[in-house]
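What follows is a set of notes on a single structure, which appears directly below.
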Amino acid sequence: MEMEAPLRDDQGHFFDLALAFLNSAGLRQTLFVTGKVAEDEPERIEAALQAGHEIGFHGYSHLPLASLSAEEELAEFLRTQRYFHDRFGYQLKGMRAPSYSFGPRTPGNMRQTGMTYDSSQAGCHPFFEADGGYWEIPVLPEMDDWMHCIRFPELGFNDTPKDPKEVARIYRDCFDYCYREGGCFVTVWHPFVTMSERYRPVATELLAYIRSHARVTFCTMSEIAGACAAGRITQGRI
């Protein structure tokens with residue numbers, strides 16, 4: 001399970017709810033956070049790190065990386081990586097591109113800032129991207145809560161948000177597929193969406209459903225990348 005940090009600093013309450021949910025469940029997970037959010041909310045980032053969660057790169061400004069110039073994209077990486085190093089003594093190990101917009105220069109910027117994995121492609125089987133020199137830990141598009149729970153016409157999301165029971169069914173079906181395939185099950189949850197009063201029970205139900213299955217391990221994305229590099233995950237299977 002993995003959750004994204006909020007994109008606006010007025011959503012800190014939901015970030016706190018997400019941490020409380022993960023911590024009460026005894027889970028260490030990966031939170032993809034923009035550099036701007038980290039600068040605005042250092043105490044919340046510190047709390048996440050102290051609880052053992054991983055922080056991943058999600059851009060500095062949440063602008064699609066593929067839309068930026070070479071200088072602008074590199075600046076997003078460097079500013080965020082330097083802030084985490086200087087403020088927390090922390091090395092960002094991986095990333096998810098904002099809006100999944102992974103650009104042609106992104107692998108080089110990952111290498112320059114010491115990152116070893118990405119999670120911007122679709123699927124459930126990790127693999128090594130030889131040309132870019134990084135591990136890809138993909139995610140099923142159906143596991144993005146924004147797809148099901150948000151109506152935002154300004155950004156092209158015009159559908160009526162789904163009923164929580166329907167969202168829970170979709171998530172269970174995605175987990176069942178990953179479980180049958182021996183893959184990684186990655187959720188893309190924005191705290192202000194999934195931790196809202198309407199959808200919070202979906203997260204609780206899904207966690208219980210996952211835990212009802214044998215041979216399931218909860219871990220951070222960097223731990224998955226490390227297991228791949230060590231050969232403990234072979235041919236995309238766990």
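Some observations on this one:
- Label point of Gln91 set 7 angstrom out along Cα-Cβ; within the stretch 212-232, amide nitrogens under 17 Å from it belong to 221-230.
- At R0 = 22 Å, FRET efficiency that the Cβ-Cβ distance of Arg151 and His62 yields, to 0.05: 0.65
- The chain - share of DSSP beta bridges that are antiparallel (%, nearest 5): 25
- Residue list for the stretch 58-76, given a label point 7 angstrom along the Cα-to-Cβ vector of Glu39 and an amide N cut-off under 11 Å: 60-61, 76
- Considering only Trp146, Gly103, Leu207, and ranking their Cα positions along the charge dipole of the chain that arises from unit charges at the beta-carbon of Lys, Arg, Asp and Glu, the one farthest toward the positive end is Leu207.
- Straight-line cross-link partners of Lys93 among the lysines, defined as a Cα under 23 Å from its Cα and at least 8 positions apart when in the same chain: Lys36.
- Gyration tensor verdict on the chain (Cα atoms; rounded if a/c is under 1.5, prolate if a/b is larger than b/c, oblate otherwise): rounded
- Accessible area expressed per residue, the stretch 114-159, with surrounding protein chains retained (probe 1.4 Å, Å²): 47
- Taking the Cα centre of the chain as origin and assigning +1 to Lys and Arg Cβ atoms and -1 to Asp and Glu Cβ atoms, the resulting dipole is close to 700 debye.
- The stretch 104-238 shape via C-alpha gyration tensor axes, a/c threshold 1.5: oblate
- The chain - percent of accessible surface contributed by carbon and sulfur, probe 1.4 Å: 52
- Across the chain, the relative contact order, built from alpha-carbon pairs under 8 Å that are at least six residues apart, equals 21 percent.
- Overall form of the stretch 101-183 per C-alpha gyration tensor (a/c, 1.5; a/b vs b/c): oblate
- Per-residue accessible area (protein heavy atoms, 1.4 Å probe) orders Phe128, Phe102 as Phe128, Phe102, starting from the largest.
- Result for the chain in a Gaussian network model with C-alpha springs under 10 Å: among Gly123, Gly182, Gly89, the largest mean-square fluctuation is at Gly89.
- Exposed trypsin sites (Lys or Arg not before Pro) absent: longest stretch of the chain, with sites in DSSP loops and at most 11 other Cβ within 10 Å deemed exposed: 1-150
The values are calculated or read from the model by the stated rules, or taken from the named source; none is laboratory data. These numbers were taken from a predicted model, which means no experiment stands behind them. Cβ: placed from backbone, ideal geometry, glycine included. Neighbour counts: every protein chain shown. Accessible surface is based on the protein model in full, side chains and every heavy atom, while ligands, DNA and RNA are left aside. Shrake-Rupley method; radii C 1.70, N 1.55, O 1.52, S 1.80 Å.
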